[in-house]
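K.L.:
One structure is given below, represented as structure tokens, and several questions about it will come after.
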Amino acid sequence: MGDVKGNAILGKLRKNIFVIGFAVLAIALIIAASVGVYYYDLSKDRATQLTQKQSDYTALNNTYGALYNSYSALVTSDNDLNERFTNLTNSYDSLSSNVSSSESAYDALNTSVSKFEETGGPAIAVYYRTYNSGTPANPNFTVNITAYNVGDETDSQFTINCKVIFDGTPSVDQQVVDNLAPLDKKSITWVYTPGTIVDTIWVD
Amino acid sequence: MGSSSSGSSRVEDNDTGDNILEKLWNIKFTLALAIVLIIVGGLAANYYFQSRDLISQLNQKNSDYDGLNDMYNNLTYNYNSLVTSDDALSQKYNDIYNKYNVLSVSDEDLQSSYDNLNGTIDNFQESSGVVIALTYSFYQSGPSNSPEKVLDATAYNVGNKMANSVTIESNMTNNGNSSISQQIFYNVNPLSKVHVHWDYSNSTQLSSIWTEQS
């Protein structure tokens, strides 16, 4: 009785083995298809992301390249400016030193002039010298007079006077000088007969 | 019996062949399904490896991007710092450039003033050594009930060398008597002067005044 029942089950199994196999394959196919679709979508998604990331990377790389070029140009320009600034600073220091020296020299010269010059108007100082001149056959006696304006203003007009005596007879020579500036001078020469004596030289 | 047995065996063989074909025919859908499964499985495996490869590439690309982004940020910081520093340097350069130009004009003015003054002095000074020019004033001074005479004289070294000594001398007469006044000054430099101030009685006359130098 038991063998008959067992043979019946085996018989059913043998009869349905293809159905069962078909069902298992179908389930496996569904799973494989699902997995396949999942990884297909995932691949598509990742490929999109990769493309996007590659695009972002390229864009960033271009931006970086442009910025790097700007930075390099700025570095070159800044180095150049730095060198020019250093040179200009040295030139300025040198010029500043020159100006200080020039100021010192000018002030010293100006102080000397200020101490030398009389203040409050023109002042005429006189120097003269006499000497024999001419030739042995035709000798002369020369008086050379120089008037110096040692004041601090122009003398609009003054007269150089030279009083001489020859053979007991006095005479006066005069020369009018116009517009003699401060620290300027005027020279005049008179030629006399030998034996002439200079008595007085003055300015009015 | 024998032939009967042999005929029976051929029939069984034909039955067996028919059965295999029949069985294959019966599992044709199963076989087709298996082939489809193999294809789909292969595709699924392909997409699996493809997605694994893509995630690896994506991770690498993300890493590259992040690295580049860090470099970019670093470069941006350096660039901005340099722009700030360069702007400050430009400002300093412009400032000193303007100062230099102003100072340059001052230097030219100063040089011009110095040259003018120096030229004036060169023209004024005698180049032959010590030359002493004299100016004087002889005048009455003091109160009306007690007048006196005063001689002010100044000697100027208008030469280009120092005088070791300068003597100012005057010959005065008073009631027919003559007298000499004199004062010696030492080391009188070019562009410097010496001064005398002498007081006399009211009847004194100036006869002559002169200088001597060495």
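The values are calculated or read from the model by the stated rules, or taken from the named source; none is laboratory data. If you're wondering where the values come from, they're calculated on a predicted model, not measured in any experiment. All Cβ positions, glycine included, derive from the backbone under ideal geometry; neighbour counts span all protein chains shown. Calculation scope for accessible area: heavy atoms of the full protein, side chains included, ligands and nucleic acids excluded. Shrake-Rupley method; radii C 1.70, N 1.55, O 1.52, S 1.80 Å.
K.L.:
Assigning unit charges at the beta carbon (Lys, Arg +1; Asp, Glu -1) and nothing else, what dipole magnitude in debye, to the nearest 20, does segment A:59-204 show about its Cα centre?
P.N.:
Value, rounded to 20: 400 debye.
K.L.:
Just which residues of segment A:61-102 lose 40 Å² or more accessible area with every protein chain there, against their chain alone, with the probe set to 1.4 Å?
P.N.:
At a threshold of 40 Å² (probe 1.4 Å), the residues of segment A:61-102 that become less exposed are A:TYR64, A:LEU67, A:TYR71, A:LEU74, A:ASP78, A:LEU81, A:PHE85, A:LEU88, A:TYR92, A:LEU95, A:VAL99, A:SER102.
K.L.:
Binning at 5 angstrom from zero up to the longest distance, how are the C-alpha pair distances of segment A:1-110 distributed in percent?
P.N.:
Reading upward from the zero bin: 3, 8, 6, 6, 5, 5, 5, 5, 5, 5, 4, 4, 4, 4, 4, 3, 3, 3, 3, 3, 2, 2, 2, 2, 1, 1, 1, 1, 1, 0, 0.
K.L.:
For an R0 of 41 angstrom, estimate the FRET efficiency from the Cβ-Cβ distance between B:ALA88 and B:SER63 and round to the nearest 0.05.
P.N.:
0.60
K.L.:
Also, quick follow-up: At a 1.4 Å probe, what is the % contribution of carbon and sulfur to the accessible area of segment B:45-149?
P.N.:
On segment B:45-149, the fraction of accessible area on carbon and sulfur atoms equals 44 percent.
K.L.:
Would you rank B:PHE138, B:PHE49, A:PHE18 by solvent-accessible area, highest first, keeping every protein chain in place and using a 1.4 Å probe?
P.N.:
Largest accessible area first, the list is B:PHE49, A:PHE18, B:PHE138.
K.L.:
Okay, next question. Under 37 °C and 0.692 mPa s, how fast does chain A diffuse according to Stokes-Einstein, given a Kirkwood radius computed over C-alpha pairs? Answer in µm²/s, whole number.
P.N.:
Translational D for this selection: 110 µm²/s.
K.L.:
On to the next question. Taking the alpha-carbon distance from B:LYS193 and a cut-off under 12 Å, which aspartates and glutamates remain once sequence neighbours fewer than 8 residues away in the same chain are dropped?
P.N.:
A:GLU117, A:GLU118
K.L.:
Something else: Over the alpha carbons of the protein assembly as shown, what is the largest minus smallest coordinate on each principal axis, giving the biggest first in Å?
P.N.:
Principal-axis extents of the Cα atoms in the protein assembly as shown, largest first: 211, 59, 35 Å.
K.L.:
Still on this structure, I have one more. Give, as ranges by residue number, the residues of segment B:42-71 whose backbone N falls under 12 Å from the point 7 Å along Cα→Cβ of A:ALA28.
P.N.:
B:42
K.L.:
Okay, moving on. How large is ³J(HN,Hα), in whole Hz, for each residue of segment B:204-210 in order, when computed from phi with the Karplus curve 6.51 cos²θ - 1.76 cosθ + 1.60 and θ = phi - 60°, using x for Gly and Pro?
P.N.:
The phi angles translate into 6, 10, 7, 8, 7, 9, 7 Hz.
K.L.:
Taking the Cα centre of segment B:43-160 as the origin, how large is its charge dipole in debye, to the nearest 20, when only Lys and Arg (+1) and Asp and Glu (-1) carry charge on their Cβ atoms?
P.N.:
Here the size comes out at about 340 debye.
K.L.:
Please compute how much accessible surface disappears when A pairs with B, both sides summed, using a 1.4 Å probe, and round it to the nearest 100 Å².
P.N.:
Counting both chains, the buried surface is close to 6700 Å².
K.L.:
Please determine, in degrees from 0 to 90 and to the nearest 10, the orientation of helix B:28-124 with respect to the longest principal axis defined by the Cα atoms of chain B, where the helix direction is its Cα long axis.
P.N.:
Once rounded, the angle reads 10 degrees.
K.L.:
Which is farthest toward the positive dipole end of the protein assembly as shown among A:THR142, A:VAL126, B:ILE39, measuring Cα position about the Cα centre, with Cβ charges +1 (Lys, Arg) and -1 (Asp, Glu)?
P.N.:
B:ILE39
K.L.:
While we're looking at this one, here's another question. Under a cut-off of 19 Å between alpha-carbon atoms, report the lysines in cross-link reach of A:LYS163, not counting same-chain residues fewer than 8 places apart.
P.N.:
Filter leaves A:LYS186.
K.L.:
Can you compute the charge dipole magnitude of the protein assembly as shown about its Cα centre, using +1 on each Lys and Arg Cβ and -1 on each Asp and Glu Cβ, nothing else charged? Give it in debye, rounded to the nearest 20.
P.N.:
It comes to approximately 3080 debye.
K.L.:
Using θ = phi - 60° and the Karplus relation 6.51 cos²θ - 1.76 cosθ + 1.60, list the HN-Hα couplings for segment A:14-24 in order, rounded to whole Hz, with x at every Gly or Pro.
P.N.:
Taking θ as phi minus 60°, the curve returns 4, 5, 9, 4, 5, 5, 5, x, 4, 5, 4 Hz for segment A:14-24.
K.L.:
Given a Förster distance of 30 angstrom, what is the FRET efficiency for A:LEU109 paired with B:ASN164, based on the Cβ-Cβ distance and rounded to 0.05?
P.N.:
Efficiency at R0 = 30 Å is approximately 0.80.
K.L.:
Right, next: So, in nm, how far is label A:ASP184 from label B:ASN118 when the simple model puts each one 7 Å beyond its Cα toward the Cβ?
P.N.:
2.3
K.L.:
For A:ALA123, which sequence-distant residues (separation of 5 or more, or a different chain) have an amide H within less than 5 Å of its own amide H, given hydrogens modelled in the peptide plane?
P.N.:
Under 5 Å from the amide H of A:ALA123 lie the amide H atoms of A:VAL150, A:GLY151, A:ASP152, A:GLU153, each far enough along the sequence or on another chain.
K.L.:
If the cut-off is 12 Å between C-alpha atoms, which aspartates and glutamates fall inside it for B:LYS149, apart from same-chain ones fewer than 8 positions away?
P.N.:
B:LYS149 reaches B:ASP199.
K.L.:
May I pose another question? Ignoring ligands, DNA and RNA, what percent of the accessible area of chain A is carbon or sulfur (1.4 Å)?
P.N.:
Of all accessible area on chain A, carbon and sulfur atoms account for 53 percent.
K.L.:
Can you compute the modelled spin-label distance between A:TYR92 and B:SER137, with each label point 7 Å from Cα toward Cβ, in nm?
P.N.:
In this crude label model, A:TYR92 to B:SER137 measures out at 5.2 nm.
K.L.:
So, one more: Among A:LYS53/B:LYS61; A:LYS12/B:LYS28; A:LYS15/B:LYS28, which pairs are too far apart, with a Cα-Cα distance over 18 Å?
P.N.:
A:LYS12/B:LYS28
K.L.:
Mind jotting down a quarter of the surface of the convex hull over the alpha carbons of segment B:54-98, in square nanometres, one decimal?
P.N.:
Across all orientations, segment B:54-98 yields a mean hull projection of 3.0 nm².
K.L.:
Taking the dipole about the Cα centre of segment B:22-161, with the C-beta of Lys and Arg at +1 and of Asp and Glu at -1, give me whichever of B:TYR72, B:LEU151, B:TYR100 is farthest to the positive side.
P.N.:
The residue sitting farthest along the positive end of the dipole is B:TYR72.
K.L.:
Have a look at A:ASN161, B:LEU24, A:PRO194 and report the one farthest towards the positive end of the charge dipole of the protein assembly as shown, computed about the Cα centre with Cβ charges (Lys/Arg +1, Asp/Glu -1).
P.N.:
Result: B:LEU24.
K.L.:
To continue, here is another question. For the protein assembly as shown, what is the accessible area per residue in Å² when the probe is 1.4 Å?
P.N.:
Each residue of the protein assembly as shown exposes 61 Å² on average to a 1.4 Å probe.
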